[in-house]
Structures are given as structure tokens and as C-alpha cells.
1. Full-extension gain between residue 7 and residue 36, please, as 0.36 nm times their residue separation minus the C-alpha to C-alpha distance.
2. Please report the carbon-and-sulfur percent of the accessible area for segment 6-80; probe 1.4 Å, protein heavy atoms only, DNA, RNA and ligands left out.
3. Find the Rg to Rh ratio for the chain, where Rh is the Kirkwood radius over alpha-carbon pairs and Rg uses the same atoms.
4. Pull out the extension gain between residue 57 and residue 18, defined as 0.36 nm times the separation in residues minus the alpha carbon to alpha carbon distance; nm, one decimal.
5. From largest accessible area down, sort 107, 15, 21; use a 1.4 Å probe on the protein chains.
6. Place a point 7 Å from Cα of residue 108 in the direction of its Cβ. Which residues in segment 20-49 have their backbone N less than 18 Å from it?
7. Just the number please: accessible area per residue for segment 11-53, 1.4 Å probe, all protein chains included, in Å².
8. For helix 42-53, report the angle its Cα long axis makes with the longest principal axis of the Cα atoms of the chain; keep it between 0 and 90° and round to the nearest 10°.
Amino acid sequence: MTAVNTEILIDVWRRLLADPRKSWVLFEHGTCVVVTAPDGELAEQATEVLKAYGPAHAGSSSGDFGVIDLKDAEGWVVTGEHVDVLTYVGPDEPGDRAEIAVGLFGRSKRHRDGTELHVVHVEDNRGSADSV
């Protein structure tokens, strides 16, 4: 599995999550958890969500996914069971650009993030709501 540079992932998620009031947490393999009701430590809150909704189990709803072809960045976002758990797949990552291949690849990245739970970036925008 090709690793995507953390700085590139941060830049991509900043462009994709254009609302400056959204707080989010990025995990090592490209999964982003949008924290819609921030309360306390964002990394802890996001880790609990990803622990519950990240691991994929074939034949269950946790194995389901959707693929969004991006307009504001190259690549795709793969969705899953939880609406606030999104995984970025770069244009050079999947060996096949077919939607099913991209979705399976993204689901495998989400699974790794959901089991390894390694936070690489926290975007805390709780204070920015006052300035908008």
C-alpha cells in the first residue's frame, strides 16, 4: 500500500473541508474524522469514533462504502458506515481506477486506520466560528 505524505493529506483535507468552522482529525493512512460536536480532546473523540466505525468486516454494514470522485482535488473520497468518517485515496494509489477497486482500496485504508488508530494531525477550528 503506497503511503501518502502527511502534508499532502492535510492540504487535501483543508481544501475538501472548506468550512473553516469544521474541526477534524487525520489518521496515518488518510482517514479523516470530522468532529461535528467537539467536546474536549478532539483526537480522543475522533479515535473513539474511528475505533467503532473504522474496521471493516465483510458482509456487515462496516464493509459498505461509497466513492466520491473529487472536483477540488485529484483522487477520491471513500465513505463508509459513519457519515463523518472519510478516507482519501490519491490518484496514484489504487492499481485500478475502477470505482470498486478505489472503494476497496479506501476501505482497506480506513480499516488500517481504524485498527492502528495513529493520529497524525488535529485541525481544531472551534475558535474560528467567532471570526466568521
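The values are calculated or read from the model by the stated rules, or taken from the named source; none is laboratory data. This is a predicted model, so every value here is computed, not measured. Note that we place each Cβ from the backbone using ideal geometry, even for glycine, and neighbour counts take in every protein chain shown. Remember, those area values only see protein heavy atoms, side chains included, never the ligands or the DNA or RNA. Shrake-Rupley method; radii C 1.70, N 1.55, O 1.52, S 1.80 Å.
1. Between residue 7 and residue 36, full extension yields an extra 8.1 nm.
2. Whole-percent figure for carbon plus sulfur exposure: 47.
3. 0.95
4. That pair, residue 57 and residue 18, stretches by 10.9 nm at full extension.
5. My answer, sorted largest first, is 21, 15, 107.
6. Flagged as within label range: 28-31.
7. Counting only protein heavy atoms, the per-residue value for segment 11-53 is 48 Å².
8. Helix 42-53 sits roughly 30 degrees off the main axis of the chain.
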